[in-house]
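The values are calculated or read from the model by the stated rules, or taken from the named source; none is laboratory data. Everything numeric in this text was worked out from a predicted model, so none of it was measured. Glycine gets a Cβ as well: all are built from the backbone with ideal geometry, and neighbour counts include every protein chain shown.
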Amino acid sequence: MNNKRNKKVIVIGAGLAGLSVGSYLQMNGFETEIFESYNKPGGLCTSWKRKNFNIDGCIHFMGGLSPDEVYYPFWDKLIDMKSIDFVFFDSHSVVDDKDGKRIIFYSDINKLEQEFLSKAPEDTKQIKILISLIRKFNKARFPIEKPYELMSVTDKLKVAYTMFPYLRSMRKYLRITSHEFASRLKNPTLRYAIETAFVGHLPLFYAIMPLIWRNKKDTGYPQGGAGLISSMMEQSYYELGGRIHYKSKVKKIITENDAAKGVELESGDIHSCDIVINAADGRAGIYDLLAGKYKDKNIIERYESDTFETINKTLYVAIGLNRDFSNEPRKIYFHINKPIYIDKMTTMDHLELTHYCADPSSAPKGKSLIVLMPEAKDWEYWVDLRKNDRPKYREEKQRIADAIIATLDEKFGNIKANVEMTDVATPATYIRFTNNWTGGQISWKATKKTFGKPTTWNIKGLNNFYMTGQWAGTSGGLNNVVMMGNHLAQIICKDEGIEFTDQSLKKTKKE
Ligand SMILES: Cc1cc2nc3c(=O)[nH]c(=O)nc-3n(C[C@H](O)[C@H](O)[C@H](O)COP(=O)(O)OP(=O)(O)OC[C@H]3O[C@@H](n4cnc5c(N)ncnc54)[C@H](O)[C@@H]3O)c2cc1C
């Protein structure tokens, strides 16, 4: 149809994955258009206003912030990283046990070691193991400039060489879950802290990653939050000549002779193109938009076997307070005396609280935005309730918000009288606004079984069709899906016989 460089590409979804691949393809001369069902960019990376509070519905920590580390270039080629005020916290989190004893997960590895050793000297041996593991991986810089699929033998050898010193530890700590590690600890406070702050059933190897990133200042919080990051990504895409059609839900991917040819929108409009990329929900892409007609072994493994499990679902309870919370640690996990019933699969005996006082745009001066994310494992219940009994759905959200506020009152004092705003999102909310299957925060659980599984960039048997974003990879996260956008653009360039470029935008520097 067109010459190679002018090929027309339709991207489904203006989340960070879609904006990233669209931008990188624009840099390479493709003519891209994004169709997005909602009315703004960002997908899950979003913020919304309630009363005078700006709720960051996504970012607790953004990764890829250190110019010395491997993810940074993927962001930097798209947005002006230097113009953003990032906040780096002294600690990842603190955990308070049932007796009110506290463990601080310091960002600085030396302080973290001191904290553990001083609070749990009887566990010196296990603490040394954990800390030396963190120190060891702190030095690791695995090359990720290219997708695995495009690596030459030399590239692969380089990866193997870089990974070699870490392989034994990796294998070992992929086999041990955080719970298993915690069970070796004698000190009950440290044990509780590890069990609570690390996702228990996941490999210890994954659990320590946030501590490593924190120590390297590779992760922090962007003032302005998710809304700012998404609008910067949208701006970058526009500056590169991309076009976004909002309120344009794709209902069908049109195929002809086993090749994608375009999309049909819910409105009935048809748009043709040379290449279609699904950067939206992966399952819907395969089973709805393509009607389950194209599957290969990787797709079947992902969606029809028990190898991949979706992440645990949560509620997102935002509370606007007429009081300053900035003296509290940024993230606090704490035991609660009166467990809170969430749904028939979930009762919470602890809560995780994050406040946004480090971001002046989150709340008016002297006030605070706090967010809690209790699990809500029975996601289908929340979807059904919203669909079939809206008053009860609202009542249930209010019941949980009230129970949380009462709990916070007991722990911190002076909360209830200062609540100015509550907002509860459920898995049904995430599904409604982003169409993400099961309404979880990200896609898949990072487990031992999924480690090293290939990214499903395409489906064998269907030409001119690609996939990216959190469902195509083995997990989600903002820096990860932005990197995937770059990787997929490299793959498409290779398939089209074009030399890939990631030439930066002319950036508007901060005054
Ligand atoms: C509560 C919460 C907290 C999180 N915290 C963090 C964090 O602290 N740090 C971090 O790195 N990550 C975090 N994440 C994860 C991160 O937000 C996601 O992994 C990432 O944003 C996924 O991006 P994506 O582009 O792959 O998908 P999405 O953001 O889901 O984008 C897909 C887009 O496709 C659109 N779409 C869907 N179907 C269609 C259709 N048929 N037609 C047209 N458009 C369609 C959707 O509306 C959406 O805009 C969090 C997520 C949540 C929800």
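Can you confirm whether Y206 is outside the structural domain of E36 (by TED's automatic domain parsing), away from the ligand (no atom under 11 Å from the Cβ), surrounded by fewer than 22 Cβ atoms within 10 Å (Cβ to Cβ) and assigned to a helix (DSSP H, G or I)? Judged against the criteria, Y206 is a match. Scanning the stretch 358-402 for residues that are surrounded by 15 or more Cβ atoms within 10 Å (Cβ to Cβ), touching a Lys or Arg at 6+ places or on another chain (Cβ under 8 Å) and either more than 22 Å from Q441 (Cβ to Cβ) or among the β-branched types (V, I, T) (or both) gives K367, S368. Being among the β-branched types (V, I, T) and either crowded, with 23+ Cβ neighbours inside 10 Å or part of a helix (DSSP H, G or I) (or both) is a condition met by no residue of the stretch 61-78.
Any residue at all in the stretch 182-192 that is at pLDDT 90 or above, hydrophobic (A, V, I, L, M, F, W, C), in contact with a strand residue (DSSP E or B) (Cβ under 9 Å, 6 or more places away or on another chain) and outside the structural domain of R330 (by TED's automatic domain parsing)? Reasoning before the result, please.
So in the stretch 182-192, the residues at pLDDT 90 or above come out as 182-192.
Filter once more, so that each one left must be hydrophobic (A, V, I, L, M, F, W, C): 182, 185, 190.
Add one more test, that the residue is in contact with a strand residue (DSSP E or B) (Cβ under 9 Å, 6 or more places away or on another chain), and what stays is 190.
Next cut, outside the structural domain of R330 (by TED's automatic domain parsing) only: 190.
Taking every residue of the stretch 182-192 in turn, at least one turns out to be at pLDDT 90 or above, hydrophobic (A, V, I, L, M, F, W, C), in contact with a strand residue (DSSP E or B) (Cβ under 9 Å, 6 or more places away or on another chain) and outside the structural domain of R330 (by TED's automatic domain parsing).
Of the helices (runs of 4 or more DSSP H) lying entirely inside the stretch 335-452, those carrying at least 1 residues that are away from the ligand (no atom under 16 Å from the Cβ) and more than 30 Å from A472 (Cα to Cα) are 379-388, 390-412.
Can you tell which of N486, N479 is at pLDDT 95 or above, part of a helix (DSSP H, G or I) and in contact with a strand residue (DSSP E or B) (Cβ under 9 Å, 6 or more places away or on another chain)? First the steps, then the outcome.
Numbers: N486 fails: in contact with a strand residue (DSSP E or B) (Cβ under 9 Å, 6 or more places away or on another chain).
Only one candidate qualifies: N479.
Here's the yes/no breakdown for (1) at pLDDT 95 or above; (2) assigned by TED's automatic domain parsing to the domain that holds Y356; (3) touching a helix residue (DSSP H, G or I) at 6+ places or on another chain (Cβ under 7 Å):
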site: D96; (1), (2), (3): yes, no, no
site: N110; (1), (2), (3): yes, no, no
site: F116; (1), (2), (3): yes, no, yes
site: I134; (1), (2), (3): no, no, yes
site: N138; (1), (2), (3): no, no, yes
site: D155; (1), (2), (3): no, no, no
site: V159; (1), (2), (3): no, no, no
site: M163; (1), (2), (3): no, no, no
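When the stretch 25-43 is limited to residues that are in contact with a Leu (Cβ under 8 Å, 6 or more places away or on another chain) and not polar (S, T, N, Q), the one that is farthest from the ligand (Cβ to nearest atom) turns out to be M27. Against the test of being touching a Leu at 6+ places or on another chain (Cβ under 8 Å) and among the charged types (D, E, K, R), the options E301, E352, E309 yield a single qualifying residue, E352.
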